[in-house]
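Engineer: One structure is given below, represented as structure tokens, and several questions about it will come after.
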Amino acid sequence: MPSSRTLLIGLAVLLVVGIGGVAFAGCTTIQIQEEDVFLPKPSITPQTFTSDTVNLREVYVDNDSVRLNAWHLTRPDARGTILFFGGNGFYLVQSRGYVEALTDFPVNVLMFDYRGYGKSTGAPGVEGFKSDALRMYDYAVDSLDAAPERMLVHGHSLGTFMASHTAAERDVAGVVLENPATDVQGWINGLAPWFVRLFVDFEIAEPLQDESNIAVLKEVDVPLLVFAGENDNVTRPEMAKTLYEEAISSSKNLVVVDSAGHNFLYRDSTYTAAYQNLLDGSLPAGDAGTISTSAK
């Protein structure tokens, strides 16, 4: 779901386009429909989650003075673990789609609310998010018996920065980047085309300026799966293609889902097939028990 910042940028684009239309055509009307305003998501809680094969356990993970609310979903035939990092609009209670999609594969899943989101304490911030990402990885290995060589890190949108950061700092079996951005400047450029930037000046906060998935993927050589939505207007598919081309991974795959936008790629059969192929290559069937390895 687009963040409030994304929606504001989108409205700015509409306003500038509208102003240009008035100048050149004399009159224009910008229609905002109800479906453009209301973005419902089906909710889920540990109490309402039911499955014959998957168990959901709610846990809390401490990181310095912050307590992170997380869900650990397990199944008896799991080959390994997916550590999932959601997008800017991700909340556990609105994660039914990802819960059902990811647990349909033979894996355990660990997902959490970012600091300042949901029931997690603290205030959002770049360094805090990156610290929490590594803490959740370490918790999975040290407390949940997740084997590093059988762990995938998966990020959606904003979460791709945390997934790539974790892969750079810890041992993982593979990386999944879904609707990724190249870097923050590229993200802004994709949201606001050049003619909008003639009228609007975007000043990027210093903590965000150096965040770059391109730089990280030039140093991480593990299996990589990159997903993009053909019609994604939040993180343009061109950024996913750039990341794929720049990544040094010797085993990488780019999947552009036809007619898809920024969300719900997991509903498409090409998404499912590509994910299963990654699992078959990175997490082959067999014992998914713990093998201790030192972090990088």
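Engineer: Where residues in the range 59-89 are at pLDDT below 95 and not small (Gly, Ala, Ser), which of them is nearest to PHE264 (Cα to Cα)?
Structural biologist: Checking each candidate, the answer is ASN88.
Engineer: Among the residues of the range 118-133, how many are out of contact with any Ser or Thr (no Cβ under 8 Å at 6 or more places or on another chain) and either assigned to a helix (DSSP H, G or I) or among the acidic types (Asp, Glu) (or both)?
Structural biologist: Within the range 118-133, residues that are out of contact with any Ser or Thr (no Cβ under 8 Å at 6 or more places or on another chain) and either assigned to a helix (DSSP H, G or I) or among the acidic types (Asp, Glu) (or both) number 7.
Engineer: I want to confirm something. Restricting to the range 233-278 and keeping residues that are surrounded by 21 or more Cβ atoms within 10 Å (Cβ to Cβ) and within 15 Å of PHE105 (Cβ to Cβ), which single residue is farthest from the chain's Cα centre (by Cα)?
Structural biologist: LEU278
Engineer: Please enumerate the residues belonging to the range 262-288 that are in contact with an Asp or Glu (Cβ under 7 Å, 6 or more places away or on another chain) and modelled with pLDDT of 95 or more.
Structural biologist: Passing the criteria: only LEU265.
Engineer: Let me ask something additional. So, in the range 144-164, how many residues would count as being in contact with a Phe, Trp or Tyr (Cβ under 9 Å, 6 or more places away or on another chain), surrounded by fewer than 24 Cβ atoms within 10 Å (Cβ to Cβ) and over 15 Å from LEU110 (Cβ atoms)?
Structural biologist: Count: 1.
Engineer: Here's something else I'd like to know. What residue, among those in the range 37-52 that are free of Cβ contacts under 8 Å to residues at least 40 places away in the same chain and assigned to a loop (DSSP other than H, G, I, E, B), is surrounded by the fewest Cβ atoms within 10 Å (Cβ to Cβ)?
Structural biologist: Checking each candidate, the answer is ASP52.
Engineer: Next up: Counting only residues that are assigned to a loop (DSSP other than H, G, I, E, B) and of a type in the set (Ser, Thr, Tyr), which one in the range 57-97 is surrounded by the fewest Cβ atoms within 10 Å (Cβ to Cβ)?
Structural biologist: Checked the range 57-97; the qualifying residue surrounded by the fewest Cβ atoms within 10 Å (Cβ to Cβ) is SER65.
The values are calculated or read from the model by the stated rules, or taken from the named source; none is laboratory data. Keep in mind that what you see is a predicted model, and the values were worked out from it rather than measured. With ideal geometry, Cβ positions are generated from the backbone for all residues, glycine too; neighbour counts draw on all protein chains shown.
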